[in-house]
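Novice: Here's a structure for you.
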Amino acid sequence: MHTVIIGNGIAGITCARHLRKNSDEFITVISGETDHFFSRTALMYIFMGHMRYEHTKPYEDWFWSKNRIALKRAWVSAVDTEKRVLQFNDSAQLAYDRLVIATGSRSRTVILDGVNLSGVHTLYSLQDVERLDESTKAVLSSAQGARKAVVVGGGLIGIELCEMFRSRGLEVSMLVREPSFWGNVLSLEEGRLVEVHIRSHGVEVLTETELVSIEGEAGHVSRVRLSSGAEIECSIVALAIGVEPNVNWLQNSGIELGRGVLVDRMFRTNAQDVYAIGDCAEFRDPPSGVAAINQVWYTGRMMGETLSQILIGKDVEYAPGPWFNSAKFFDLEYQTYGQVATVPKPDEQHFFWRDLEGRRSIKVVFDAQQSIFLGINVIGFRVRHELIAAYLEKEATSQEVLKRFER
Amino acid sequence: MVLKGIRYGAAGLVLVAMAVFVILPFVGEFRLTERVFDEVVDASHHEALKSLMHDDFGRTFIGVHGLVNSVNEAVTSWNVAAKAESRWDEVIYADYAFTIAHAAAVGWVVDARWLLFFLVFGLPVIGGLLFIWLSYRDREGVAHHGVFHRALTSRGGVALILGVVLIAFYVVLYWFPAYTVNWVLLVDPISEAISGSQASQWFLYGSMYTLVILVMGVRMLLKYQFSPYHSLRTALLMFFQLCFAFIIPEVLAALNLPAQDLKNIWPLDYSFFFDYRLDAMLDAGTFGFFLLGWGLLLFMVVVPVMTYFYGKRWYCSWVCGCGGLAETAGDPFRQLSDKRLIAWQVERWMVHGVLVFAVLMTLAVLYTYWTGEASLVQVAGWSVSSYDLRSWYGFAIGAAFAGVVGTGFYPFMGNRVWCRFGCPLAAYLGLIQRFRSRFRITTNGGQCISCGNCSTYCEMGIDVRSYAQRGQNIVRSSCVGCGICATVCPRGVLKLENGADDGASRTETKPFVFGNNQIHVNW
């Protein structure tokens with residue numbers, strides 16, 4: 001038995017590791033991006049000089065051969081699900097018995113004037129960071145051009161890019177389409193709190209502002225035009241408008257695609273013995289409380305864990321516990337657990353508290369009738385995952401939860 | 001822009017001070033006279049050395065080197081003759097180079113000692129504090145931008161130069177102390193003010209060590225001003241260095257009592273049971289008995305009890321002098337520790353090996369103290385005495401490892417090389433921490449993103465991430481509980497805890513990281 005995993009991110013590698021723990025089959029992991037698994041979430045720290053690429057590798061290089069996980073550095077160009085053969089872009093081939101697609105996401109781009117100019121960036125891969133590094137160095141060492149970057153998108157990648165550019169001393173403007181920072185996830189109050197913090201780090205935050213076009217001189221970015229009519233002189237434009245499943249390369253494979261690779265709750269695609277996990281997978285019929293496409297580190301990991309059990313014959317479906325996620329906005333830590341909408345749904349009430357300094361806030365979501373605890377956002381606090389998950393699972397009351405925050 | 005200029009200027013002051021410091025051993029005037037000789041050299045050696053050195057009386061040496069040669073040649077030629085004629089009791093072991101040079105110093109270095117004192121010690125304090133204040137005055141979070149872009153903190157050329165200077169300094173301090181004499185001259189007035197006697201090279205070293213911990217301690221206080229834990233432990237380290245390591249022993253010496261660092265604990269304080277120290281304590285009346293009892297109490301009771309409740313951090317990163325230097329002056333280099341598995345394997349053999357060596361050496365010394373028998377092993381004309389053991393230990397562990405490697409290698413291998421690979425007390429504390437302590441670093445459910453900040457900034461080279469990403473507590477004998485991993489974690493995963501713990505869960509590994517409900521499924 002030879003299981004081939006395409007993609008050496010957290011989903012594919014977690015699957016490979018747990019599969020190795022429980023079975024003796026041949027395992028091959030393929031990646032075109034890097035030789036070894038690294039933490040994609042740490043890319044910003046490489047750019048900022050907190051770490052080097054090698055620090056972001058969670059396992060030493062000998063780990064893979066010791067655990068008999070074969071690594072192959074190549075880009076897959078085609079899949080033949082009938083013959084069970086992968087075609088690489090250098091015309092080599094590899095046969096598989098079972099195939100796991102874990103190719104993650106790619107950055108979403110827009111079609112508008114100037115998007116192909118040099119100095120326009122996205123942030124997803126190691127190569128993206130290398131390009132950002134070169135571009136930033138060029139701007140800083142050049143006498144011409146504004147020492148300014150414009151970040152398009154007021155979300156997690158957007159704020160990472162702001163911090164990255166600020167760490168190198170560039171001026172930064174951030175364009176946020178919504179009325180407040182990360183408006184599709186955070187409430188207006190939370191977004192405002194974060195915006196004040198972002199501004200305190202020298203970033204100009206422009207809400208309800210979109211990019212209209214990018215203008216260049218000699219092939220390089222020189223200014224952007226905004227929906228407000230304003231223009232900003234800049235030398236770098238970073239697009240952080242979300243990611244989408246990286247599945248275009250499967251167009252003609254016969255594997256059924258929606259936005260991502262369509263799978264059931266056991267990650268099976270329409271093709272025999274072909275599975276998909278992580279960012280690139282899309283549930284045809286998601287488990288309750290789970291989105292069709294899940295694009296965070298933790299879901300990738302949990303899908304990898306679950307698929308490893310399915311591959312060794314366990315009869316299990318994807319069943320993550322209560323939703324959780326976390327992030328860091330410059331110096332502000334953020335954690336979320338359960339279902340937290342931006343504004344209260346009809347049967348919900350939201351309790352919101354923040355301190356005067358704008359360093360901490362809590363938002364607790366509960367059921368309006370029975371006061372059952374449904375979810376929580378915290379900024380500037382660290383709360384225990386196990387504790388909150390237990391509250392959510394046993395349907396604790398909001399009073400019980402809030403009591404924990406009393407001094 | 002102006003601030004940036006001031007900041008560079010401040011750094012420049014520190015560099016000027018370093019330059020003056022490095023030049024000093026090569027300059028100055030030393031006038032050897034019969035009076036100097038009579039004052040310094042022990043009366044029993046007058047006859048032996050005077051005729052050999054007589055020709056140089058009245059001579060003025062430019063730079064200490066010539067004088068050192070003259071003294072050492074005289075002593076060596078006397079000793080060669082004495083040994084050749086088997087007059088063993090006439091061999092001279094005293095090192096007169098330093099004391100004669102100290103007494104013979106004349107000329108501009110002595111005249112300008114206050115100006116030089118200001119240049120060598122005042123400038124770096126002023127420049128250092130100004131630079132630190134401008135760099136960290138309003139920190140609200142982790143300040144690690146550019147750590148791996150700067151040569152000094154990523155083993156670049158500047159780091160190489162700094163490392164070589166540090167190593168050279170320790171070699172001179174331990175084995176060629178006569179060359180420290182121009183530095184020592186600068187701190188003589190301070191030593192005289194505190195204890196009434198002239199400074200030795202150890203007073204110089206103690207002053208510099210304390211000054212560095214205080215100035216770089218201010219850096220830590222500002223860099224981590226948002227963290228109560230780092231503020232408290234840094235303040236404690238500064239306090240214990242200034243009061244316990246520096247001032248109290250000097251005051252004790254002035255009172256003619258055994259000068260002891262009351263927070264130094266055997267086996268780190270490896271000479272605690274040496275005959276001269278035991279005799280000094282036993283001869284010092286009630287206070288001497290207190291010192292002896294306190295020293296025994298520390299390693300027999302205080303260490304196990306405190307380590308049970310708080311882990312070894314109560315000593316290693318709140319109290320200890322080596323830890324004090326590592327946590328302040330060493331902080332810029334913490335990311336250079338080796339995290340590979342092989343380093344951990346070497347570490348375990350090495351640090352526990354030193355502990356075994358320290359215990360055996362101490363037992364041998366005590367055996368000699370009680371029985372008067374120095375010889376331990378005699379095989380075919382080859383013999384080992386307890387004096388051999390303790391001088392090997394002093395050379396290899398006390399000086400070479402703790403000093404030269406321990407601090408000189410900061411810019412290459414990080415700030416805890418000694419603590420991690422060599423400190424016998426750390427090994428002892430570590431055994432308690434690993435097997436009989438409540439202390440552990442917990443990992444918050446499934447929130448780890450494997451980014452690697454924790455492992456990168458672990459000064460002890462622990463691969464913290466490997467535990468965090470499995471949802472396992474970090475329980476490692478080497479962990480000094482500095483807490484930087486928890487601070488640099490961008491997801492609030494790590495927390496240092498010493499609350500009650502049921503034991504079984506301390507080092508348990510779960511099949512899956514928390515968050516995936518599949519682990520509740522019955523298979």
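Novice: Between B:S51 and B:E73, what's the calculated FRET efficiency when r is the beta-carbon distance and R0 is 22 Å? Round to 0.05.
Specialist: The computed FRET efficiency comes out at 0.95.
Novice: Please report the spacing between the Cα centers of the range B:373-407 and the range B:440-473 in Å, no decimals.
Specialist: 40
Novice: Just from its helices, what would the mean residue ellipticity at 222 nm be for the protein assembly as shown, if runs of 4 or more DSSP H residues each count -39500 (n - 2.57) and the sum is divided by every residue, rounded to the nearest 500 deg cm²/dmol?
Specialist: Result for the protein assembly as shown: -12500 deg cm²/dmol, rounded to the nearest 500.
Novice: Another question, then. Can you list the lysines whose alpha carbon sits under 24 Å from that of B:K50, skipping same-chain ones fewer than 8 residues off?
Specialist: Answer for B:K50, where 24 Å is the Cα cut-off: B:K83, listed by chain and number.
Novice: Return, for the Cα atoms of the range A:120-241, the radius of gyration and Dmax in Å, separated by a comma.
Specialist: Looking at the range A:120-241, its Cα Rg and Dmax stand at 13.7, 43 Å.
Novice: May I ask you to sort B:S383, B:S466, B:S135 by Cβ crowding, counting other Cβ atoms within 10 Å and putting the fewest first?
Specialist: Fewest-to-most ranking of B:S383, B:S466, B:S135: B:S383, B:S135, B:S466.
Novice: Can I ask one more? Using alpha carbons only, how many angstrom separate the centre of the range B:242-281 from the centre of the range B:299-344?
Specialist: The two parts, judged by their Cα centres, are 22 Å apart.
Novice: Are any of the pairs A:K345/A:K403; A:K21/A:K57; A:K57/A:K345; A:K72/B:K510; A:K137/A:K363; A:K72/B:K339 more than 32 Å apart by Cα-Cα distance, and if so, which?
Specialist: A:K57/A:K345; A:K137/A:K363
Novice: The range B:1-133: D in µm²/s via Stokes-Einstein (Kirkwood Rh, Cα pairs, 25 °C, 0.890 mPa s)?
Specialist: So the translational diffusion coefficient is about 141 µm²/s.
Novice: Still on this structure, please answer the following. Determine the shape class of the protein assembly as shown: with a ≥ b ≥ c the square roots of the Cα gyration tensor eigenvalues, call it rounded for a/c under 1.5, and otherwise prolate if a/b is greater than b/c, oblate otherwise.
Specialist: Judged from the Cα gyration tensor, the protein assembly as shown comes out prolate (a/c at least 1.5, a/b above b/c).
Novice: To continue, here is another question. What residue among A:T122, A:T342, A:T269 shows peak mean-square fluctuation when chain A is described by a Gaussian network model with Cα springs under 10 Å?
Specialist: A:T342
Novice: Report the charge-dipole magnitude of the range B:438-520 in Debye, nearest 20, computed about the Cα centre from +1 at each Lys and Arg Cβ and -1 at each Asp and Glu Cβ.
Specialist: It comes to approximately 80 debye.
Novice: Also, quick follow-up: Can you find, among A:V4, B:V365, A:W62, the residue sitting farthest towards the positive end of the charge dipole of the protein assembly as shown, where Lys and Arg contribute +1 and Asp and Glu -1 at Cβ?
Specialist: Toward the positive end, the furthest listed residue is A:V4.
Novice: Mind putting a number on the dipole of the protein assembly as shown about its Cα centre? Charges go on the C-beta only, +1 for Lys and Arg and -1 for Asp and Glu, and I need it in Debye to the nearest 20.
Specialist: The dipole magnitude comes to about 1340 debye.
Novice: What ranking do B:F176, B:F98 get, fewest neighbouring Cβ atoms within 10 angstrom at the top?
Specialist: Sorted ascending by nearby Cβ count, the order is B:F176, B:F98.
Novice: Can I ask one more? For the pair B:Y369 and A:Q127, what calculated FRET efficiency results from E = 1/(1 + (r/R0)^6), where r is the Cβ-Cβ distance and R0 = 56 Å, to the nearest 0.05?
Specialist: Taking R0 as 56 Å, the efficiency between A:Q127 and B:Y369 is 0.25.
Novice: Percent of Cα-Cα pairs more than 46 Å apart in chain B, please.
Specialist: 19
Novice: Suppose we keep just the DSSP beta bridges with both residues in the range A:107-229; what percent of those would be antiparallel, to 5?
Specialist: Expressed as a percentage, antiparallel bridges in the range A:107-229 total about 35.
Novice: Kirkwood Rh, the range B:421-501, all Cα pairs: how many Å?
Specialist: With all distinct Cα pairs of the range B:421-501 included, I get 12.8 Å.
Novice: Same structure again: What cysteines in chain B have no other cysteine with a beta carbon less than 4.7 Å from their beta carbon?
Specialist: B:C243, B:C316, B:C320, B:C322, B:C419, B:C423, B:C448, B:C451, B:C458, B:C479, B:C482, B:C489
Novice: For the range A:324-403, what class follows from the C-alpha gyration tensor (a ≥ b ≥ c being the square roots of its eigenvalues): rounded when a/c is under 1.5, otherwise prolate if a/b is larger than b/c, else oblate?
Specialist: Prolate.
Novice: Using the 10 angstrom Cβ neighbour count as an exposure proxy, how do B:V301, B:V125, A:V196 rank, fewest first?
Specialist: B:V301, A:V196, B:V125
Novice: For chain A, what class follows from the C-alpha gyration tensor (a ≥ b ≥ c being the square roots of its eigenvalues): rounded when a/c is under 1.5, otherwise prolate if a/b is larger than b/c, else oblate?
Specialist: Here chain A falls in the oblate category.
Novice: Compute the distance in nm between two label points, each set 7 Å from the Cα along the Cα-to-Cβ direction, one at A:L387 and one at B:E34.
Specialist: About 8.3 nm, to one decimal.
Novice: Ok, one more. Could you tell me which of B:Q469, B:G422, B:C485 has its Cα farthest along the dipole of the range B:419-498 towards the positive end, charges placed at Cβ (Lys, Arg +1; Asp, Glu -1), taken about the Cα centre?
Specialist: Toward the positive end, the furthest listed residue is B:Q469.
Novice: Once R0 is set to 45 Å, what does the formula 1/(1 + (r/R0)^6) return for the Cβ-Cβ distance between B:W349 and A:R360, expressed as a FRET efficiency to the nearest 0.05?
Specialist: Calculated transfer efficiency: 0.45.
Novice: Over the Cα atoms of the range B:29-106, Rg to Rh with Kirkwood Rh, two decimal places?
Specialist: A ratio of 0.97.
Novice: Give me the number: length gained by fully extending B:D501 to B:Q378, i.e. 0.36 nm times residue separation minus the C-alpha to C-alpha distance, one decimal in nm.
Specialist: Extra length from B:D501 to B:Q378 when fully extended: 39.1 nm.
Novice: I've got another one for you. Once phi is turned into ³J(HN,Hα) by the Karplus curve 6.51 cos²θ - 1.76 cosθ + 1.60 with θ = phi - 60°, what whole-Hz value does each residue of the range B:434-445 show in order, with x for glycine and proline?
Specialist: Per residue, the Karplus-derived 3J(HN,Hα) values read 6, 10, 9, 8, 8, 5, 7, 9, 8, 10, 7, x Hz.
Novice: Rounded to the nearest angstrom and ordered from largest down, what semi-axes does the equivalent ellipsoid of the range A:1-57 get from its C-alpha gyration tensor (root of 5λ)?
Specialist: Output for the range A:1-57: semi-axes of 27, 11, 8 Å.
Novice: Once label points are set 7 Å from the Cα along Cα→Cβ at both A:Q251 and A:K83, what is their separation, rounded to one decimal in nm?
Specialist: Distance between label points: 2.2 nm.
Novice: Distance from a point 7 Å along Cα→Cβ of B:L282 to each backbone N in the range B:350-377: keep the residues under 11 Å and list them by number.
Specialist: Flagged as within label range: B:369-372.
Novice: Lys/Arg Cβ at +1, Asp/Glu Cβ at -1, dipole of chain B taken about the Cα centre: which of B:T286, B:V36, B:F21 is farthest positive-ward?
Specialist: It is B:F21.
Novice: Return, for the Cα atoms of the range B:325-454, the radius of gyration and Dmax in Å, separated by a comma.
Specialist: Taking only Cα atoms of the range B:325-454, I get Rg and Dmax of 19.0, 65 Å.
Novice: Could you give me the ³J(HN,Hα) list for the range A:97-111, computed from phi with Karplus coefficients 6.51, -1.76, 1.60 and θ = phi - 60°, whole Hz, x at Gly and Pro?
Specialist: Values per residue, Gly and Pro as x: 9, 10, 10, 10, 9, 9, 8, x, 10, 9, 5, 6, 10, 10, 9 Hz.
Novice: Under 10 Å, Cα contacts only: if you run a Gaussian network model on chain A, which one of A:G375, A:G114, A:G260 comes out with the highest mean-square fluctuation?
Specialist: Residue with maximal mean-square fluctuation among A:G375, A:G114, A:G260: A:G114.
Novice: Dipole size in debye (nearest 20) for the range B:383-495 around its Cα centre, Lys and Arg Cβ +1, Asp and Glu Cβ -1?
Specialist: 500
We did not get these values from a lab; they are worked out from the coordinates using the rules stated. Just so you know, these numbers come straight off a predicted model, no measurement behind them. Quick reminder, even Gly has a Cβ in these numbers, built from the backbone with ideal geometry, and neighbours come from all protein chains shown.
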